[in-house]
Amino acid sequence: MEIGERIRQVRIHKGMTQTELIKGICSNTYISKIESGKAKPSYSFITKIAKVLEVDAEFLLDMNMKNVEPDVHRIYESYISFRKINSQDLALLKLHSKENHSNFTLIKIYYVLISYYTANDMEEAHPIVEQAKNIISPAQPTFENETSYYFHSLYKYFNTNKNYSEALFYANLHLESLQHEETSLRAAKAYLNLAQVRTKMDEDLELARLYTKKALQIFKDQDFKGGIANSLAQLAIQYHRNDLYDDALKTLDELFQFSEGFNKDYYAPILAYNYGRVYQKQKQFDQAAAYMLQSIEYDINADKEEETIHALEVLSDISIQRKNWEEADDYLKKGFRLTTLYNLPNSYIQLLHLRSQIYKARFDFPSYEKELQQAVQLAQKGKYSLLAKEISTELAEHYNEVRAYKMAAKYYQIALLC
């Protein structure tokens, strides 16, 4: 790679324009010639530019970097240990992500880049992930430890982007890559990741519960408190999602007792919300509403207003079932405000679905149909397959009841394809 191209790559990585880079150093015409390879810079120029780019001059000068593997390994090991990387090391990995390196080296490069940018700059992560998928095949033989970290970084990326089918694919590959560490903490975390994705995708959560219980047992064997608490919380959700309310309450009670001696403040809102969800499903609305209001209070006190959206959805549903339209409308307005303020598309769809129930109860069927149609479209666009299936089925059954058979067939078909 020519020095001009190296300067350009590092400048772009730093988010700098040519004008910002060369302020007080040279003209835009000169830097353009250097970056395009039409001019060769002096050492004095390189040292000035390197200072602005916050890299060593030798980094810009050493254009071939034939023996980059030791540096990649150093950066890789450091990132695994400390989850930090400096600007120069990040630039080095970015510059070499397209070079003709061994699969072993490329997997290390892409693991660090995908992990770092998923946590810090999702827009930058998108092209890196596509690049990695084109260069590295999951079927290629490689080294177990490096592969497991690489697959985990892809799982995190797709899970963060709510692309759960891709997240599930890489969560499975991550777990398979740990076959020789079946009782390690890394395997337990992989089981829990897989369970969480399955919880988002499946209706019958028996398999998700199996993975969660495997994770929980390993966490208990190794006395890993954070893993124990998170597994109990996940297991409670899986139970109540499948209407196993006694099991859900028993698991929440276990989490309550455990959290008394571990991170009580963190788990208090989680417990309040999930107790409320179970009581809501059992139609014990007074208890459910009390827990939800407590959950909101916890989140507000912790300056986590965005998290209150889930409790507001439940409170809206409770008010609708009680036919308290004014109260339901108040909770829905608060919820819609949060979906706009914090960009919460999934919750926006949920609120549309809830509001449609008010129209239906008031026999305003055109508004009911319009609301559900919009919810289905948004659920399909956002790839929320379970939500799209649930709402499409409801709409199809409504159309079937009113003998609008073509529309019923349309939405049954959508539900089948979800």
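No value in this document is a laboratory result; all are computed from the given coordinates. Everything quoted here is computed from the prediction, not taken from an experiment. With ideal geometry, Cβ positions are generated from the backbone for all residues, glycine too; neighbour counts draw on all protein chains shown.
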Checklist entry - Distance in nm between label sites at Leu417 and Asp330, each 7 Å beyond Cα in the beta-carbon direction? => result 4.3 nm
Next on the checklist: Just checking my list (1) -0.47, -0.97, -1.34; (2) -0.54, -0.93, -1.36; (3) -0.30, -0.78, -1.53 against log10 I(q)/I(0) by the Debye sum over Cα atoms at q = 0.07, 0.11, 0.15 Å⁻¹ computed from this structure; which label fits?
Outcome noted: (1)
Next on the checklist: Output wanted: per-residue J couplings in Hz (rounded whole) for segment 383-391, from phi through Karplus 6.51 cos²θ - 1.76 cosθ + 1.60, θ = phi - 60°, x for Gly and Pro.
Outcome noted: 6, 8, 5, 5, 5, 4, 5, 4, 6
Checklist outcome for this item: Per the 1/(1 + (r/R0)^6) rule, R0 = 35 Å and r from the Cβ atoms of Gln222 and His13, FRET efficiency to 0.05 is 0.30
Next on the checklist: I need the phi-derived Karplus couplings for segment 39-47: 6.51 cos²θ - 1.76 cosθ + 1.60, θ = phi - 60°, integer Hz, Gly and Pro marked x.
Outcome noted: 9, 9, x, 7, 5, 4, 5, 4, 5
Item to check | Per-residue ³J(HN,Hα) for segment 72-85, Karplus 6.51 cos²θ - 1.76 cosθ + 1.60, θ = phi - 60°, Hz, x for Gly and Pro | outcome: 4, 4, 4, 5, 4, 5, 5, 5, 4, 6, 10, 6, 9, 8
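For segment 110-187, what D do you get in µm² per second when you plug the Kirkwood radius from alpha-carbon pairs into Stokes-Einstein at 20 °C and 1.002 mPa s?
Values: Rh = 12.6 Å.
For these conditions, the coefficient is 170 µm²/s.
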Checklist outcome for this item: So the angle from the long Cα axis of helix 365-381 to the longest Cα principal axis of the chain, reported in degrees to the nearest 10, equals 30 degrees
Next on the checklist: From the alpha carbon gyration tensor of segment 35-165, can you work out the equivalent ellipsoid semi-axes (sqrt of 5 times each eigenvalue) and give them in Å, largest to smallest?
Outcome noted: 29, 16, 14
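If you stretched the chain out fully between Ser42 and Lys23, how much longer would it get, using 0.36 nm times the residue separation minus the C-alpha to C-alpha distance?
Details: separation 19, 0.36 × 19 = 6.84 nm, distance 1.69 nm.
This chain segment gains 5.1 nm when fully extended.
Taking R0 as 41 Å, what's the FRET efficiency between Lys33 and Ser87 from their Cβ-Cβ distance, rounded to 0.05? Can you show the working numbers first?
Details: r = 25 Å, r/R0 = 0.62.
Approximately 0.95, to the nearest 0.05.
Rounded to the nearest 500, what is the 222 nm mean residue ellipticity of the chain from helices alone, with -39500 (n - 2.57) per DSSP H run of 4+ residues and division by all residues? Intermediate values should be presented prior to the final figure.
Details: 23 runs with 322 residues, N = 418.
-25000 deg cm²/dmol, from helical runs alone.
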Next on the checklist: Along the Cα→Cβ direction, 7 angstrom out, place labels at Glu54 and Glu203. What is the inter-label distance in nm?
Outcome noted: 5.2 nm
Checklist entry - What is the helix-to-structure angle for 144-160, meaning the angle in degrees between its Cα long axis and the longest Cα principal axis of the chain, kept from 0 to 90 and rounded to the nearest 10? => result 50 degrees
Next on the checklist: To test your reading of the geometry: what angle, between 0 and 90 degrees and rounded to tens, separates the Cα axis of helix 405-417 from the longest principal axis of the chain?
Outcome noted: 50 degrees
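Before anything else, pin down the relative contact order of segment 359-418: Cα pairs under 8 Å, at least 6 apart, normalised by residue count, whole percent. Could the numbers behind the result be given before it?
On the way: 50 pairs, mean separation 16.5, N = 60.
Over segment 359-418, the number comes to 28 percent.
Report the charge-dipole magnitude of the chain in Debye, nearest 20, computed about the Cα centre from +1 at each Lys and Arg Cβ and -1 at each Asp and Glu Cβ. Working shown, then result.
Numbers: 51 positive and 56 negative charges, 232 e Å.
Rounded to the nearest 20 debye, it is 1120 debye.
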Next on the checklist: How much length would be gained if the chain were fully extended between Leu293 and Thr160, taking 0.36 nm per residue of separation minus their Cα-Cα distance, in nm to one decimal?
Outcome noted: 45.1 nm
Item to check | Sequence-distant lysines (8 or more away, or on other chains) whose Cα lies within less than 18 Å of Lys225 | outcome: Lys189, Lys213, Lys214, Lys264
Item to check | Principal axis dimensions, largest first and in whole angstrom, of segment 131-265 by Cα | outcome: 48, 31, 25
Item to check | Point-to-point label distance, Lys98-Phe365, nm (Cα→Cβ direction, 7 Å offset) | outcome: 5.9 nm
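Using only the Cα atoms of segment 359-418, build the gyration tensor, take square roots of its eigenvalues as a ≥ b ≥ c, and label the shape rounded, prolate or oblate: rounded if a/c is under 1.5, else prolate if a/b is larger than b/c, else oblate. Kindly include the intermediate steps, with their values, before the conclusion.
On the way: a/c = 2.39, a/b = 1.36, b/c = 1.76.
Here segment 359-418 falls in the oblate category.
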Item to check | Equivalent ellipsoid dimensions for segment 3-61 as semi-axes, Å, which come from the Cα gyration tensor, largest first | outcome: 14, 13, 11
